[in-house]
1. Which ordering of Arg113, Arg178, Arg60 is given by a fewest-first count of other beta-carbon atoms within 10 Å?
2. Largest first and in whole Å, give the semi-axes of the stretch 37-188's equivalent ellipsoid, each being the square root of 5 times a Cα gyration tensor eigenvalue.
3. Would you mind ranking Ile98, Ile37 so that the residue whose beta carbon has the fewest other beta carbons within 10 Å leads the list?
4. Express in nm, to one decimal, how much length is gained between Thr182 and Tyr100 on full extension, taking 0.36 nm for each residue of separation and deducting their alpha carbon distance.
5. For Asp117, Asp156, what's the fewest-to-most ordering of other Cβ within 10 Å of each Cβ?
6. Leu207 to Thr194: extension gain in nm, 0.36 nm per residue of separation minus the Cα-Cα distance?
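Coordinate-derived values only; no laboratory data. Remember, predicted model here, so these are calculated numbers, not experimental data. Because the Cβ atoms are built from the backbone with ideal geometry, glycine has one as well, and the counts that use them run over all protein chains shown.
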Amino acid sequence: MLIELRILAISTTDMSPSGRSVPRSLAANLVRTVLAIYLSLALLLTIGQLVLEYDNEKHRLTKEIESVAKTFNPIISKALWNVDEEQTQASLHGVLGINYDVLNAQLLDTEGRVLYDFYSDAHKNPRFTDWPVIRQLTAWFLEEYRFEYDLYYASDFTAEHKIGELVLQSNSNVVFNRAAHTFLITIISAIFKTTLLAMIFLLDYALHGRAPTEADHQRHAEPSPKRQRRGAARRFPPRASAAQR
């Protein structure tokens with residue numbers, strides 16, 4: 001691409017019959033077009049990469065919450081069946097304490113009534129939500145995540161049956177906080193690569209796509225000695241010798 005730009009930059013200046021140069025901006029237009037296309041593609045790819053990273057982080061959050069629920073499910077079920085309020089509350093606080101990304105833990109009965117409702121006061125490395133402007137923007141696109149798990153209990157004397165429901169909640173701010181480092185590295189890398197490539201294009205155009213100087217005008221205007229000899233040969237063809245006559 002750089003070689004093509006050099007060739008175009010050299011060949012985009014013609015000479016008029018009067019010997020003056022007629023500069024063309026084809027090379028400059030080509031540089032601008034290539035940079036515009038590259039910037040557009042880089043922006044689309046960067047946005048796509050950020051979206052994929054967000055989805056991956058959301059999937060990891062879902063897996064972690066499912067693992068926490070699977071761990072505490074039998075403990076909470078047993079405490080609820082035994083009507084052990086202290087153990088039930090301690091288990092719900094344990095859910096919030098073992099994973100700070102769980103913002104709310106609720107325990108419902110079989111009819112959907114709330115028995116316990118606890119919120120997490122811990123904030124794990126908030127990066128985006130600490131900024132007022134970012135907090136307002138994320139509030140518009142805030143997405144709540146709700147995970148529901150049925151609680152069952154069975155013993156030697158009773159068959160397994162549903163005794164309640166565990167509800168864990170999180171939101172999209174948690175995902176943004178988890179992916180903050182990756183987002184920052186991705187954006188900085190895209191800016192650096194785009195700036196570097198733009199500087200290379202502009203520097204190459206400045207060195208090889210410059211407008212012709214006065215020396216270039218004179219060199220094109222003055223015919224070379226070889227061309228002068230060819231012109232003289234055309235004007236004065238060689239005479240035939242006496243023998244040929």
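1. Least to most surrounded, the residues fall as Arg113, Arg60, Arg178.
2. Computed over the stretch 37-188, the values are 38, 16, 12 Å.
3. If I rank by nearby Cβ atoms, fewest first, I get Ile37, Ile98.
4. Working: separation 82, 0.36 × 82 = 29.52 nm, distance 1.96 nm.
Additional length available on full extension: 27.6 nm.
5. Numbers: Asp117 12, Asp156 4.
Listed from fewest to most nearby Cβ atoms, that is Asp156, Asp117.
6. That works out to 2.7 nm of additional length.
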